[in-house]
Each structure stands twice: as structure tokens, then as C-alpha cells.
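The values are calculated or read from the model by the stated rules, or taken from the named source; none is laboratory data. Predicted model only: the values in this text are computed from it and were never measured. Heavy atoms of the whole protein, side chains included, go into the accessibility calculation; ligands, DNA and RNA do not. Shrake-Rupley method; radii C 1.70, N 1.55, O 1.52, S 1.80 Å.
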Amino acid sequence: MSVKHGGESPPRDARAPVGVFDSGLGGLSVLHAIRQRLPGEDLLYVADAAHVPYGGLGPERIRARADVLTRFLVDQGAKAIVVACNTATAVAVSELRQHWALPIIGMEPAIKPAAARTRSGVVGVLATEGTLASARFAGLLEQYAGSVRVVTQPCPGLVAAVEAGAIDTPGTRAMLAEYLEPLLSARADTVILGCTHYPFLTPLIREFTGPDMVIIDTGDAVARQVQRRLEGAGLCNPSASVGREWFWSSGDRAAGGATLARLWDGRPALRALEER
Ligand code: DGL
């Protein structure tokens, strides 16, 4: 790995863990994909639940939080950072890359694959207001939408519902009914989940769309990118043993722990994030 920007350059060690963060527990959908693709890696996960949703924070605050969380993960020995949050990627990933000389993998709504797959010529995007309002998202549309019609739908309330573990409640179902209606009336045949919290709602989303809708979740594409970056930097964990996971939260650990137990197997402990 070359140090291009003269930023902080933590020591590199292939046996070190991969650090992952999100505004909350939604990024666990990405962590699942990374765990499946890279079974030997140790994984660190931070939920910034004291500040969720990032959609309401504004770009400067999100950048400051992304910096705090990255520093924490680097202090824990992370060899690479995954920004498992579309909203934080949209406003903060460029600054992180300028500052930190280690692989930083971000994510964004999958406009390109969706535009390639649609047959009806209409693609729907469910995402946070922050992501949809970002310059990065406008750039994605300009670059990849081509002649495809892209119907964007902000989804206030869905992130909070997943944080509360309400992944199959009447309230969440009612929100989804409202948010999916414009996509269905526009005859979208492909829906992009542009927020890492939403894959946990896929079974409910399917109730409204039926089985033929193509639902695109970016988790595995991110995991593949993590794999490529680790391989390219010679940082894949050579150990033959199965990797472990550690979890931290800046928010209420009783509530977060209950949702974590719902979204991740094995009753993992949720530690308090200590910031410096
Ligand atoms: N999981 C985050 C994302 O992918 C949610 C952002 C938020 O907290 O508003 O965008």
C-alpha cells in the first residue's frame, strides 16, 4: 500500500482485524456479507448509536464522527476500514482517504448494476435523505443512470425502526407501504436498498413487491471489494482459524444489545465506545 496523501499511516499487519462502522446497527448487514466472504478475518464493529440517524446531522458533523470512529478502530489495530453506511460514505469517505493511509472501503447505492438489470426501464432507490441529497449521489445518477428512470424515495423512520429491532412490526410495515407505493406505481422492477439498515427489511419489502422484484443489496459487493483491497495490499489474514467479532456502541447498550442479539447470531457482547 502506498502512502499517497501523507496522512496517518498505522502499522500494517495481516493478522490485524478489519474495522467496520455505521451510524448504528444497520451496517451489520454488511458485516454479515464480509463474514461470509472472509471467514478467517477478525472483525471489529462500531455502531455510533448515540448519533443515529446520521441523516439529521449534516455533513460537517458526519465527517467529524467518521473521523472519531476511524481513529478508534485504528487504535484497536484495524488494518482496513469499512464505512458500512451510505450516508457517511457520501459525505466523509474522501476526507477519510486523504487522512488515513490504509484501505478505506465505502459504499454507495448500486445505480450501475440496477440500470444494467432493469427490464421495465424504471429503478427505485430507497435511501436516507442525506444520501439522496448528496453531490456523490447526483454524480452516480449522471454517470450510470443513462436512459433509465430512477425514482428516489427517502425513508424517514426506517433506520430508527431497525435500530429498535422492529423489523417485522405493523408500524414498519405501514412505513414501507407508503415508501414503496411511488416505486410500484412508476412500474419499477428493480429496487436498490441504498441504506445498510434496509436489508433487514427485505422479507417485509417482498410482501409488497412480490417475488419478481429485483432487490439490490450492496453488502456482498462491499465484501468483495474488501477482499480485493486486502489481497492487493498483501493483508489477508493467513491464519487457518475462524475469525472472531467484537462490537462497540456509543449509545444505549441495553437497547443496542437487544437488537444486536436479534440481528447477529451467538449473543455477542456490546461494549461501550470510549472516545479520545
Ligand atoms: N445505515 C446508514 C446508511 O447506510 C443509515 C444512515 C443514517 O443513520 O441516517 O445510510
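Quick rundown of the values:
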read-out: Fluctuation leader among Ala223, Ala177, Ala84 - the chain, Gaussian network, Cα springs under 10 angstrom; value: Ala177
read-out: Prolate/oblate/rounded label for the range 22-105 (Cα gyration tensor, a/c 1.5); value: oblate
read-out: Segment Ala255-Gln143, extension gain: residue separation times 0.36 nm, minus the distance between their alpha carbons; value: 36.3 nm
read-out: Carbon plus sulfur fraction of accessible area for the range 96-210, probe 1.4 Å, in percent; value: 53
read-out: Stretchable slack from Asp168 to Arg12, in nm (0.36 nm times residue separation minus alpha-carbon distance); value: 52.0 nm
read-out: Ranked order, Ser9, Ser29, Ser147 - accessible area, probe 1.4 Å, largest first; value: Ser147, Ser9, Ser29
read-out: Accessible area of the range 16-71 belonging to carbon and sulfur atoms, whole % at 1.4 Å probe; value: 54
read-out: Helix 28-37 axis, angle to the chain major axis (alpha carbon atoms, nearest 10°); value: 70
read-out: Among Ala166, Ala135, Ala47: highest mean-square fluctuation, GNM of the chain, C-alpha pairs under 10 Å; value: Ala135
read-out: Per residue, in Å², the accessible surface of the range 78-149 once ligands and nucleic acids are set aside, probe 1.4 Å; value: 38
read-out: Global geometry of the range 170-265, whether rounded, prolate or oblate, following the gyration tensor of its Cα atoms and the 1.5 cut on a/c; value: oblate
read-out: Percent of Cα-Cα distances greater than 35 Å, calculated over the chain; value: 14
read-out: Within the chain, helix-based [θ] at 222 nm, where runs of 4 or more DSSP H residues each add -39,500 (n - 2.57), nearest 500; value: -13000 deg cm²/dmol
